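Structure first, then comments.
The values are calculated or read from the model by the stated rules, or taken from the named source; none is laboratory data. Because the structure is a prediction, the values reported are computed rather than measured. So basically every Cβ, Gly included, is an ideal-geometry build from the backbone, and we count neighbours across all protein chains shown.
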Amino acid sequence: LWTRLAPEPTSGGGMPDADVPVRWELARDEGLREVVAEGVATATTAHGHSVHVDVDGLDPVTTYWYRFTVGDFESPVGRTRTLPAPGDSTERLAFAFASCQNRQDGYWTAYPHLVEEDLDFVLFLGDYIYESGPNPAKLRPHPPQAQDLAGYRDRYGLYKGDPGLQAAHAAYPWLVIWDDHEVDNDYAGDVPEEPDEAFLERRAVAYQVWWEHNAVRLDPPDGAELVIHRSFEVGDLARIFLLDGRQYRSDQPCEADIGPVCEAGDDPARTLLGDEQESWLFEGLDRSDARWNVLAQPVVMSKVAIPLGETTLFNLDQWDGYVPARTRLLDHLGQGQATNPIVLSGDIHVSGVGDLMADFDDPGSEVVGAEFVVTSISSLFEPAFIDIFEAALAANPHVKYGEARSRGYVRCEVTPESWRADFRYVDGIDTETSPIRTASSWVVEDGRPGVRSA
């Protein structure tokens with residue numbers, strides 16, 4: 001459970017320089033009459049008066065409601081839900097996944113619809129905030145760029161003040177990872193986008209503020225490192241691996257975000273996950289008895305070639321810039337010890353569905369898994385590149401679906417027999433509300449790793 005005391009969330013929080021006791025209650029009913037757990041947590045100055053409460057001893061597959069109280073002030077009532085116990089027979093899982101909500105680009109019109117879904121949780125794949133400074137041409141320009149503790153806290157305060165986002169957090173538990181904009185655009189490990197000798201200090205405060213503003217079962221960071229990769233078991237139905245694609249990666253190769261793959265891009269010593277996280281993932285996959293094994297991570301894993309004249313370009317911030325690391329991972333998935341691998345990705349502000357191939361250059365190669373890429377909540381895909389993106393789909397036969405013009409989220413329904421993904425798009429983000437529709441649906445069947453249209 002999570003909250004933060006911040007009467008002035010975009011101006012330093014507005015709290016006195018003192019720790020504050022916060023009462024919390026958890027109940028089986030929305031009116032909080034049947035309380036099953038309660039206590040007092042401390043909102044500390046050191047952590048921005050945020051509160052993290054880890055309640056144990058709860059029943060599996062159960063909906064609970066919770067509330068925080070400080071003096072005469074009561075929070076709105078939130079709702080959460082527990083997962084099935086590890087190994088328990090589980091017949092259904094429903095969740096949505098989303099990413100990339102640049103506030104400058106438009107309104108978050110998807111969230112009111114997300115609240116109306118029947119979900120067990122929401123999975124967010126990164127770029128929860130954007131650290132960038134103001135763009136006067138945008139719909140809702142940012143304040144100055146976030147670079148220090150106060151700036152990152154105020155940026156989360158701005159984003160979390162959105163009523164639709166608040167309602168989505170109050171309706172479901174969230175599983176969250178980060179991508180780059182929680183710190184700095186396209187940073188890689190200890191390498192920022194632009195040279196900065198103090199970057200690790202900036203990364204440290206950004207990681208701290210990410211922890212302060214998310215309901216995560218993690219200890220607070222101490223310095224410039226925070227281990228966020230972890231896994232969750234959903235009964236015997238699914239195991240979800242939440243991966244960190246930023247903190248441990250090698251710098252992007254070839255001195256370009258988009259370009260041909262140079263010799264450095266083929267260096268097997270380069271990594272996207274880092275050696276320790278990669279080993280942890282492989283060991284977890286080898287031990288998993290789940291029907292579906294899910295890799296939730298920020299950037300597109302599939303090879304996506306972009307023909308442009310006589311040159312073929314790649315997005316080198318994605319796994320295309322880390323080919324040997326991707327090959328190691330796909331080879332491991334191809335060994336078949338972890339059944340039904342599903343990769344969930346975000347970052348690129350487009351939707352996509354594809355087969356993960358043992359060898360993307362061989363159309364007859366074995367299919368080892370499926371990838372679903374979610375579009376953004378609001379972040380725009382550069383309009384000048386839309387036609388290039390759409391033309392590139394034909395050059396990538398393993399990509400079965402791609403769409404760059406719409407914003408929204410993906411709703412997934414998982415059973416022992418199949419995985420269904422519905423791509424849900426709003427009509428627009430230039431007004432505060434918008435209708436939503438299901439534009440495309442895809443299915444993976446148990447034991448058959450390829451995707452097919454539903």
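When residues in the stretch 262-278 are screened for being buried (at least 18 other Cβ atoms within 10 Å of the Cβ) and either in a loop (DSSP other than H, G, I, E, B) or among the acidic types (D, E) (or both), 6 of them pass.
Restricting to the stretch 336-347, name every residue that is among the small types (G, A, S) and either under 28 Å from A392 (Cβ atoms) or in a strand (DSSP E or B) (or both). Once the filter is applied, which keeps residues that are among the small types (G, A, S) and either under 28 Å from A392 (Cβ atoms) or in a strand (DSSP E or B) (or both), the stretch 336-347 yields S345, G346. Scan the stretch 59-74 and give yes if some residue there is of a type in the set (D, E, K, R), surrounded by fewer than 14 Cβ atoms within 10 Å (Cβ to Cβ) and either at pLDDT below 95 or touching a Ser or Thr at 6+ places or on another chain (Cβ under 7 Å) (or both), otherwise no. Yes, because at least one residue in the stretch 59-74 is of a type in the set (D, E, K, R), surrounded by fewer than 14 Cβ atoms within 10 Å (Cβ to Cβ) and either at pLDDT below 95 or touching a Ser or Thr at 6+ places or on another chain (Cβ under 7 Å) (or both). Screening L308 against (1) within 19 Å of L123 (Cα to Cα); (2) over 22 Å from the mean Cα position of the chain (by Cα); (3) among the aliphatic types (A, V, I, L, M) leaves a single unmet condition, (1). When you look at E38, is it assigned by TED's automatic domain parsing to the domain that holds A170 and modelled with pLDDT of 95 or more, yes or no? When the stated conditions are applied, E38 does not pass them.
Total residues in the stretch 72-88 satisfying the condition of being part of a strand (DSSP E or B) and in contact (Cβ under 8 Å) with a residue 12 or more places away in the chain: the figure is 4. With a requirement of 1 or more residues that are closer than 20 Å to Y156 by Cα, the strands (runs of 3 or more DSSP E) lying completely within the stretch 10-52 that satisfy it span 35-43, 50-52.
Residue pairs whose Cβ atoms lie under 7 Å apart, sitting 6 or more positions apart in sequence or on different chains, and linking a residue in the stretch 163-179 that is closer than 13 Å to C100 by Cα to a partner that is assigned to a strand (DSSP E or B) and modelled with pLDDT of 95 or more, are V176/F124; I177/L242; I177/A296.
In the set (1) farther than 20 Å from A404 by Cα; (2) hydrophobic (A, V, I, L, M, F, W, C); (3) part of a loop (DSSP other than H, G, I, E, B), L281 fails one condition alone, (3). Within the option set V410, V426, V444, being in the same structural domain as A296 (by TED's automatic domain parsing), under 17 Å from N293 (Cβ atoms) and of a type in the set (A, V, I, L, M) holds for one residue only, V444.
Considering the conditions (1) more than 14 Å from D266 (Cα to Cα); (2) assigned to a strand (DSSP E or B), F314 is excluded by exactly one of them, (1).
When V367, V399, V374 are screened for being at pLDDT 95 or above, of a type in the set (A, V, I, L, M), within 18 Å of E445 (Cβ to Cβ) and assigned by TED's automatic domain parsing to the domain that holds H181, only V367 passes.
Of the residues D127, D154, the single one that is within 30 Å of V61 (Cα to Cα) and touching a residue at least 60 places away in the same chain (Cβ under 8 Å) is D127. Any idea which residue in the stretch 348-381 is surrounded by the fewest Cβ atoms within 10 Å (Cβ to Cβ), counting only those that are part of a loop (DSSP other than H, G, I, E, B) and of a type in the set (V, I, T)? Among those residues, the one meeting the criterion is V350.
The listed residues are E201, E182, E131, and the only one of them that is under 15 Å from the mean Cα position of the chain (by Cα) and charged (D, E, K, R) turns out to be E182.
Restricting attention to the stretch 79-101, the residues that are buried (at least 22 other Cβ atoms within 10 Å of the Cβ) and over 21 Å from the mean Cα position of the chain (by Cα) total 1.
Conditions (1) of a type in the set (D, E, K, R); (2) in contact (Cβ under 8 Å) with a residue 24 or more places away in the chain; (3) more than 19 Å from T45 (Cβ to Cβ), marked per residue:
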position	(1), (2), (3)
Y187	no, yes, yes
V191	no, yes, yes
D196	yes, no, yes
F199	no, no, yes
Q208	no, yes, no
E212	yes, yes, no
D222	yes, no, no
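Is it the case that S50 is modelled with pLDDT of 95 or more, among the polar types (S, T, N, Q) and buried (at least 17 other Cβ atoms within 10 Å of the Cβ)? It is true that S50 is modelled with pLDDT of 95 or more, among the polar types (S, T, N, Q) and buried (at least 17 other Cβ atoms within 10 Å of the Cβ). The residue of the stretch 240-257 that is surrounded by the most Cβ atoms within 10 Å (Cβ to Cβ), among those that are without any contact (Cβ under 8 Å) to a residue 60 or more places away in the chain and over 19 Å from Y207 (Cα atoms), is F241.
Among the residues of the stretch 53-71, those that are under 29 Å from Y152 (Cα atoms) and either assigned to a loop (DSSP other than H, G, I, E, B) or in the same structural domain as V216 (by TED's automatic domain parsing) (or both) comprise V53, D54, V55, G71. Scanning the stretch 181-226 for residues that are under 24 Å from T3 (Cβ atoms) and acidic (D, E) yields a count of 4.
Scanning the stretch 125-132 for any residue that is more than 24 Å from S50 (Cα to Cα) and at pLDDT 95 or above turns up nothing. Scanning the stretch 382-425 for residues that are more than 20 Å from the chain's Cα centre (by Cα), outside any loop (DSSP other than H, G, I, E, B), without any contact (Cβ under 8 Å) to a residue 40 or more places away in the chain and farther than 17 Å from H349 by Cα yields a total of 2.
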